[in-house]
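Novice: What follows is a single structure, and I will ask about it in a moment.
The values are calculated or read from the model by the stated rules, or taken from the named source; none is laboratory data. Since the model is a prediction, treat every value here as computed from it, not as a measurement. Neighbour counts run over all protein chains shown; Cβ positions are idealised from the backbone, glycine included.
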Amino acid sequence: MRIGELAARTRVSVRSLRYYEEQGLLLSTRSAGGQRHYTQDDIERVVFIQRLYAAGVSSRTILELMPCRDAPSEENSDAALERMAEERERLSAHIEDLLNTRDALDGLMAAARADRDARQAAAA
């Protein structure tokens with residue numbers, strides 16, 4: 001399939017797909033006219049890449065993890081497991097920060113509502 005079809009099927013922009021290819025995350029074959037062609041397997045690969053990006057994983061880290069996904073072996077699995085553990089730890093810390101921020105916002109919202117309610121009661 002051509003790049004436009006892959007973009008449509010994965011809901012990823014053509015620009016992003018070109019970026020993935022520049023970063024070595026996605027490979028294509030080229031037609032005689034230079035058009036990129038992708039396989040059915042590339043749909044799942046792009047979805048996987050998108051999930052990792054959504055979790056805040058960098059393209060460099062994704063590139064380090066792909067050999068474990070593409071051709072599991074003892075050597076690349078051990079290295080990938082170590083890298084994934086580091087990423088998991090980073091994500092857990094980020095989640096904790098997000099939860100703390102959410103809790104702080106909840107407190108601010110409660111204070112703002114209480115203030116609004118007190119002003120409305122005083123005006124009534």
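Novice: Take segment 40-82 and flag every residue that is aliphatic (A, V, I, L, M), surrounded by 15 or more Cβ atoms within 10 Å (Cβ to Cβ) and either on the phi > 0 side of the Ramachandran plot or modelled with pLDDT of 95 or more (or both).
Specialist: If the condition is that a residue be aliphatic (A, V, I, L, M), surrounded by 15 or more Cβ atoms within 10 Å (Cβ to Cβ) and either on the phi > 0 side of the Ramachandran plot or modelled with pLDDT of 95 or more (or both), then Ile43, Val46, Ile49 are the ones that fit.
Novice: Here are the criteria: (1) at pLDDT 95 or above; (2) touching a strand residue (DSSP E or B) at 6+ places or on another chain (Cβ under 7 Å); (3) not aromatic (Phe, Trp, Tyr). Tell me which single one Gln35 does not satisfy.
Specialist: (1)
Novice: Name every residue in segment 86-115 that is within 27 Å of Leu52 (Cα to Cα) and among the charged types (D, E, K, R), in order of residue number.
Specialist: Hits for segment 86-115 are Glu86, Glu87, Arg88, Glu89, Arg90, Glu96, Asp97, Arg102, Asp103.
Novice: If you don't mind, another one. Write out, first by first residue and then by second, each pair whose Cβ atoms fall under 8 Å of each other, whose residues are 6+ apart or on separate chains, and whose first residue, in segment 27-51, is without any contact (Cβ under 8 Å) to a residue 24 or more places away in the chain while the second is in a helix (DSSP H, G or I).
Specialist: Correct list of pairs: Leu27/Glu21; Phe48/Arg69.
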